[in-house]
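Take a look at the structure set out below.
The values are calculated or read from the model by the stated rules, or taken from the named source; none is laboratory data. Computed from a predicted model, the values in this text were never measured in an experiment. All Cβ positions, glycine included, derive from the backbone under ideal geometry; neighbour counts span all protein chains shown.
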Amino acid sequence: MTALLSEKTISGPVMYAKEITKTYGDKTVLHGVSAQVLEGQVLTLVGPSGSGKTTLLRTFNRLEEPTSGEILLDSKPLGKRSRSDGGYGDDVQQLRLDQQRIGFVFQSFNLFPHMSAAENVWHAPVRVKRENKAEAVGRAHELLGRVGLADQADQKPATLSGGQQQRVAIARALAMRPRLLLFDEPTSALDPEMTSEVLRTIQGLAEEGVTMVIVTHEMAFARRVSDRVVVMEAGRILEEGTAEQIFSHPEHERTRRFLSSLE
Amino acid sequence: MQFDPEFFTESLFSPSAPFLRGLMMTVAVSVISMTLALFVGLLVAMMARSRFFALRTVAGLYVWILRGTPLLVQLVLLYMGFSAAGIFAFETVSIAGISIAGAVQAAVVALTLNESAYVAEIVRSGLETIPKGQVEASQILGMTAISTMRWVILPQAIRTMVPPLGNTFNQLMKNTSILSVIGVQEMFLMTQSISSATFRTFEIFCVAALYYLLLTTIWTVIQWYIERHYNHKVGLPYEIPLVSSTVRVLRSGRAGLARSPREETPKEVLTP
Ligand SMILES: Nc1ncnc2c1ncn2[C@@H]1O[C@H](COP(=O)(O)OP(=O)(O)OP(=O)(O)O)[C@@H](O)[C@H]1O
Ligand SMILES: [Mg+2]
């Protein structure tokens, strides 16, 4: 079995988001939020609807451009290149390279419908990273096997169930050998039966030490899988701690209320 | 009523050499113009999506003018107007031993320009049917804008573009009949000259109508295969009977330009 992760680098957080703010027009949806994930850890973002979880997660790979603040990937500013004057400047090419190292799994899968499951997985390694095609195809099948879809490799997304599609999407993200995987409510578009198969897959990754940030409304899952939990409310961090702290001994009355509202 | 059945069947089943040459001209001019228009139209559609205001403006003007004026006027302006003003004249040229009359060149240019404006609009609205999530998925995999277009957007958008593109090609084939005004020896002009030589106007124009119908019907069948091919590619079934699809294509003119696949496919799959 090949390693899921890209080679380890210096210790320190894999990703550090520093004082992220985001405004749409005159509406501020993130008020200087900071968060970090350490190597091999799982961070989950929970909170009421509209609290800014998706927006925050999407700034982590600059799919959403923060209004201010900084994202560090392995201690280097994401999508920036050092300038001669010692500072950092935006660089489109660097951003593309950095984004390749951050996998993203969407709520609505966003598979490429005209490609088979396997092609979805090997496409970017071959066309973007210029990996050897035969090897990439082999690895795509291996990854599909790993998410329990060895038999579906040649199927088009339209013929797969939602849960299967989401597992293909996870394999597609893994194929890039990411440093970090981001999930935005990976199961909220799924029926309950399919939810568990996807959550099992994600939990498997967590056990193998894949570094992840997960936005979810599945509290039982969050409790099982998280090293750290961030509770958000109205664009701010309400409370942060280990899964045990947040779920068993929440400090804030509002955290308690939020958690009990989900039971 | 005067109807010469013998002349009719003769003209229909063993058409004269001039008539056949006219038919070939109609097919050749249509196919060449459409092929060129696909490239030009794609280019204009890309310009219309450009980051640069100037390019978007040029594309907008191009489509506005070419779709807002009659093909007949464009044709005459290009072939006769420009030369009358001493700006430009199409001369007979010879390529690989075949001499091509100036009128034929003007016809191809005019049809290409006119058609490309329609193609550009079809491509533009076809590209818009691709959900934003597809672009985001490409972006996070590190794909450039060009490879996203090449590998993700175009292959999907083509499926939604084929029906309107096919319909506009159908229209184009019929529109070639107006090329007769600048003396292109296509099927209509040939029919006219047979008519004035034989005075069998009714019979020979019935024959011409049947040949136009044959051309558009053959194209409809080809289009059906192309549509099926692209639906297979995204794993969709495509079980519309050929006959009802023929009727649909023949009925719809340029009106059905921007049908999205979502409102189209399921309905057709359901109605046998
Ligand atoms: N493109 C946008 N333009 C304007 N406002 C936006 C935009 N995207 C998000 N918002 C607003 O930002 C706030 C946070 O949205 P976000 O989607 O991040 O919340 P969320 O915590 O992910 O909610 P949910 O649990 O419902 O997914 C919401 O009030 C939303 O209306
Ligand atoms: Mg959300």
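Among the numbered conditions (1) closer than 30 Å to A:GLU244 by Cβ; (2) outside the structural domain of A:VAL215 (by the TED database); (3) of a type in the set (A, V, I, L, M, F, W, C), the only one that A:VAL121 does not meet is (1).
The set of residues from segment A:198-218 being crowded, with 18+ Cβ neighbours inside 10 Å and either assigned to a helix (DSSP H, G or I) or of a type in the set (Gly, Ala, Ser) (or both) comprises A:VAL198, A:LEU199, A:THR201, A:ILE202, A:LEU205, A:ALA206. When we screen A:GLU251, A:GLU244 for residues that are assigned by the TED database to the domain that holds A:ALA35, away from ligand 1 (no atom under 16 Å from the Cβ) and assigned to a helix (DSSP H, G or I), the only hit is A:GLU244. If you take the residues in segment B:116-146 that are outside any helix (DSSP H, G or I) and in contact with a helix residue (DSSP H, G or I) (Cβ under 9 Å, 6 or more places away or on another chain), which one is surrounded by the most Cβ atoms within 10 Å (Cβ to Cβ)? Filtering first and then ranking leaves B:LEU141.
Checking each residue in segment A:34-51 for being near ligand 1 (Cβ under 8 Å from one of its atoms) and acidic (Asp, Glu) picks out no residue at all. Could you tell me how many of the residues in segment A:178-189 are crowded, with 23+ Cβ neighbours inside 10 Å, within 16 Å of ligand 2 (Cβ to nearest atom) and aliphatic (A, V, I, L, M)? So the answer is 1.
Select, from A:ARG254, A:ARG223, the only residue that is surrounded by 14 or more Cβ atoms within 10 Å (Cβ to Cβ) and free of Cβ contacts under 8 Å to residues at least 24 places away in the same chain. Explain how you work it out, then say what you get.
Values: A:ARG223 fails: free of Cβ contacts under 8 Å to residues at least 24 places away in the same chain.
Every option except A:ARG254 fails the conditions.
Name the residue, out of A:THR67, A:THR54, that is under 21 Å from A:THR21 (Cα atoms), within 16 Å of ligand 1 (Cβ to nearest atom) and in contact (Cβ under 8 Å) with a residue 60 or more places away in the chain. First the steps, then the outcome.
Values: A:THR67 fails: in contact (Cβ under 8 Å) with a residue 60 or more places away in the chain.
Matching residue, one of A:THR67, A:THR54: A:THR54.
Residues satisfying the criterion are present in segment A:56-76 (criterion: more than 14 Å from chain B (Cβ to nearest Cβ) and within 16 Å of ligand 2 (Cβ to nearest atom)). Among the residues of segment A:145-177, the ones that are under 26 Å from A:PRO13 (Cβ atoms), of a type outside the set (A, V, I, L, M, F, W, C) and surrounded by 24 or more Cβ atoms within 10 Å (Cβ to Cβ) come to 1 in all. A single entry from A:GLN152, A:GLN100, A:GLN164, A:GLN107 fulfils the requirement of being touching a strand residue (DSSP E or B) at 6+ places or on another chain (Cβ under 8 Å) and within 14 Å of chain B (Cβ to nearest Cβ): A:GLN107.
Taking the numbered list (1) closer than 23 Å to A:ARG146 by Cβ; (2) within 16 Å of ligand 1 (Cβ to nearest atom); (3) surrounded by fewer than 20 Cβ atoms within 10 Å (Cβ to Cβ); (4) of a type in the set (A, V, I, L, M) in turn, A:ALA234 passes all entries but (1). The strands (runs of 3 or more DSSP E) falling completely within segment A:52-114 that include 1 or more residues that are surrounded by fewer than 17 Cβ atoms within 10 Å (Cβ to Cβ) map to A:68-73, A:80-82, A:88-90.
So which residues in segment A:216-231 are more than 16 Å from ligand 1 (Cβ to nearest atom) and among the β-branched types (Val, Ile, Thr), if there are any at all?
So in segment A:216-231, the residues more than 16 Å from ligand 1 (Cβ to nearest atom) come out as A:220, A:223-228.
Listed by number, the list holds a single entry, A:VAL225.
Does at least one position in segment A:150-169 carry a residue that is of a type in the set (A, V, I, L, M, F, W, C), over 19 Å from A:ARG58 (Cα atoms) and free of Cβ contacts under 8 Å to residues at least 24 places away in the same chain? Looking through segment A:150-169, at least one residue is of a type in the set (A, V, I, L, M, F, W, C), over 19 Å from A:ARG58 (Cα atoms) and free of Cβ contacts under 8 Å to residues at least 24 places away in the same chain. Given the structure, is A:LEU190 in the same structural domain as A:THR28 (by the TED database) and part of a strand (DSSP E or B)? When the stated conditions are applied, A:LEU190 does not pass them.
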